[in-house]
Amino acid sequence: MKKYLLLLLIATMAYSCKKDGLNPAKKQLISTETVTDYYPADSTFNYVVTMQYDNNNRLTGVIRNYGPRYYLNTSTYSYDSNGNIVQISYFQGNNPNGTYTTSYQNGVPVSTSYQAPNSNSAVVEANYTVEGSKIIGMTFPLSPSLMETLTYNGNNYNVLSYSDGSTYTYTYGNHTSPFLYTGLKYCLYGLDYVINDNEILEMKEVNSNGGLTDLKNTFTYTTEGYPLKEQSYTNGALTETVIFSYTEVKE
């Protein structure tokens, strides 16, 4: 369970929301990401991620194209009348690859369930504790001894801690992030993208045995303050490069 959360956070370190700060003159959203992943023995893997939005600038689809030898990996996002994400569905080619459904009470997330491909029922995988507009805790019914606690500095969560003693500590920049103008509200279990004010420059993981992993992002920016190029390093080794392109927000 926690391994899934860590992979999700690593994959989304560059994609946080910024709601105040630079207030760029041109409102933009990510259109595509051209990604290069680096592996040992000097091998690389390239792919393109394409974002889709509705007329309210809400993220509705993410398509990952890994090349002609692979299926397209797609995720789709559905919203309720209040603009809350209620369902995230994943596909490998045309084949369903799992669906996350979030329930709300008075607009506040209560739990997220997961339905596996070819299954007739969903299983609750995360329950939320919410304070104001922030998720401050998660419990996981399938791993009842594991609890996640989120602490914040302003609207940025700066520490994730788990009941097994592991922690993730974050350092932020002050530039505009590509999801500034989307309707993403909460850091939901199963969501591809995390919700903060600023871009994440560094994440330090201390595991339950005391081992340290240091992940850092370096950016170049457009004149409007949006990320143009991001390079990610794990314990000093370059692991990923992302080139961003943008589309203007619909007014």
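The values are calculated or read from the model by the stated rules, or taken from the named source; none is laboratory data. What you see is a predicted model; the values in this text were computed from it and never measured. Please note: Cβ atoms are built from the backbone with ideal geometry, for glycine as well, and neighbour counts cover all protein chains shown.
Of the residues examined, Leu150 is not one that is in contact with a helix residue (DSSP H, G or I) (Cβ under 9 Å, 6 or more places away or on another chain), closer than 30 Å to Gln28 by Cα and buried (at least 18 other Cβ atoms within 10 Å of the Cβ). Candidates Ser89, Ser103, Ser78: the one that is surrounded by fewer than 16 Cβ atoms within 10 Å (Cβ to Cβ), of a type in the set (S, T, N, Q) and closer than 17 Å to Asp192 by Cβ is Ser78.
Considering each of Ser119, Ser161 in turn, give the residue that is more than 21 Å from Asn84 (Cβ to Cβ), loosely packed, with under 15 Cβ neighbours inside 10 Å and either in contact with a Cys (Cβ under 9 Å, 6 or more places away or on another chain) or not aliphatic (A, V, I, L, M) (or both).
Answer to the check: Ser119.
Kindly indicate the residue of segment 91-144 that is of a type in the set (Gly, Ala, Ser) and in contact (Cβ under 8 Å) with a residue 40 or more places away in the chain and also nearest to Ile63 (Cα to Cα) among those meeting that condition. Break it down stepwise before answering.
Filtering segment 91-144 for residues of a type in the set (Gly, Ala, Ser) gives 93, 98, 103, 107, 111, 113, 116, 119, 121-122, 126, 132-133, 137, 143.
Narrowing further to those that are in contact (Cβ under 8 Å) with a residue 40 or more places away in the chain: 126, 133, 143.
Values: Ala126: 25, Ser133: 29, Ser143: 31 Å.
Among those residues, the one meeting the criterion is Ala126.
Among the residues of segment 200-240, what is the count of those that are farther than 17 Å from Leu160 by Cα and in a loop (DSSP other than H, G, I, E, B)?
First, the residues of segment 200-240 that are farther than 17 Å from Leu160 by Cα: 217-240.
This time we only want the ones that are in a loop (DSSP other than H, G, I, E, B), so: 222-226, 235-236.
Residues that pass the stated criteria total 7.
Among the residues of segment 183-199, are any crowded, with 19+ Cβ neighbours inside 10 Å, at pLDDT below 95, part of a strand (DSSP E or B) and of a type in the set (Ser, Thr, Tyr)? There is no residue in segment 183-199 that is crowded, with 19+ Cβ neighbours inside 10 Å, at pLDDT below 95, part of a strand (DSSP E or B) and of a type in the set (Ser, Thr, Tyr).
Might you check whether a residue that is exposed (fewer than 14 other Cβ atoms within 10 Å of the Cβ) and within 19 Å of the chain's Cα centre (by Cα) occurs anywhere in segment 55-69? No, there is no match, as no residue in segment 55-69 is exposed (fewer than 14 other Cβ atoms within 10 Å of the Cβ) and within 19 Å of the chain's Cα centre (by Cα).
Checked across segment 17-25, the condition of being more than 16 Å from the chain's Cα centre (by Cα), modelled with pLDDT of 95 or more, among the aliphatic types (A, V, I, L, M) and surrounded by fewer than 17 Cβ atoms within 10 Å (Cβ to Cβ) holds for no residue.
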